[in-house]
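The values are calculated or read from the model by the stated rules, or taken from the named source; none is laboratory data. This is a predicted model, so every value here is computed, not measured. When we count neighbours, we look across all protein chains shown, and the Cβ atoms used for this are built from the backbone with ideal geometry, even at glycine. Surface areas here come from the heavy atoms of the whole protein model, side chains and all, with no ligands, DNA or RNA. Shrake-Rupley method; radii C 1.70, N 1.55, O 1.52, S 1.80 Å.
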Amino acid sequence: ALWRAATGEIFELQSSALQHSAALSAAEETARGAEARGKQVAGERAGLAQQLAGASAQLEQLQRAGEAARVRAEAAAEEAADAVKRRREADAGREEALARLGEASQRAARAEAALQGSQKRVEGDSEGATRAVAAA
């Protein structure tokens with residue numbers, strides 16, 4: 001009876017040991033799965049960190065390009081403002097030149113009229129002298 005009790009107890013201990021062994025194997029498998037998932041997550045994190053670094057570099061490059069474009073736009077605006085100023089000055093100079101030309105044209109017309117009047121007087125004096133010579 002003692003032998004049977006001891007054999008039964010050994011059987012129960014072996015059965016319990018097999019169950020614990022199976023549980024340990026399952027726990028080890030779960031640990032390996034968790035470790036693999038941890039490596040996968042670490043790889044994903046590294047990939048995301050690399051993408052973030054790339055995006056940050058691209059953003060910085062875009063900001064530099066935007067600043068350069070802003071500087072060029074400001075220079076172009078200043079150049080355009082200078083061109084408008086020069087155009088207005090040129091227009092004012094042209095208007096002034098046209099006014100002077102008009103005045104000069106009027107003076108020339110008055111001088112021509114005076115010259116024609118003088119020529120008529122000279123012609124009249126010449127005819128009068130010719131008549132006076134012919135009458136004498």
* Go through the range 48-59 residue by residue and turn each phi into a ³J(HN,Hα) via Karplus (6.51, -1.76, 1.60, θ = phi - 60°); whole Hz please, and just put x for glycine and proline. => 5, 5, 5, 4, 4, 5, x, 5, 5, 5, 5, 4
* To do: Pop out the carbon and sulfur fraction of the accessible area of the chain as a percent, whole number, probe 1.4 Å.
  => 59 percent
* Keeping all protein chains in place, calculate the accessible area per residue for the chain (probe 1.4 angstrom), answer in Å². => 87 Å²
* HN-Hα J couplings of the range 88-104 from phi, Karplus 6.51/-1.76/1.60, θ = phi - 60°, integer Hz, Gly and Pro as x? -> 5, 5, 5, 4, 5, x, 5, 4, 5, 5, 5, 5, 5, 4, x, 5, 5
* Please label the shape of the range 1-48 as rounded, prolate or oblate, based on the square roots a ≥ b ≥ c of the eigenvalues of the alpha-carbon gyration tensor (a/c under 1.5 means rounded; beyond that, a/b larger than b/c means prolate, else oblate). => prolate
* To do: Would you please give the FRET efficiency between residue 90 and residue 68, computed as 1/(1 + (r/R0)^6) with r the Cβ-Cβ distance and R0 = 35 Å, to the nearest 0.05?
  => 0.60
* For the range 70-124, take the alpha-carbon Rg, divide it by the Kirkwood Rh, and send me Rg/Rh. => 1.57
* To do: Have a look at 56, 84, 98 and report the one farthest towards the positive end of the charge dipole of the range 48-99, computed about the Cα centre with Cβ charges (Lys/Arg +1, Asp/Glu -1).
  => 56
* To do: Go from 0 up to the bin containing the longest alpha carbon distance in the chain, width 10 Å each, and give me the % of pairs per bin.
  => 9, 10, 9, 8, 8, 7, 7, 6, 6, 5, 5, 4, 4, 3, 3, 2, 2, 1, 1, 0
* Structure fact -> In whole Hz, the Karplus estimates of ³J(HN,Hα) for the range 29-44 (6.51, -1.76, 1.60; θ = phi - 60°; x where Gly or Pro) are 5, 5, 5, 4, x, 5, 5, 5, 5, x, 5, 5, 4, 5, x, 5
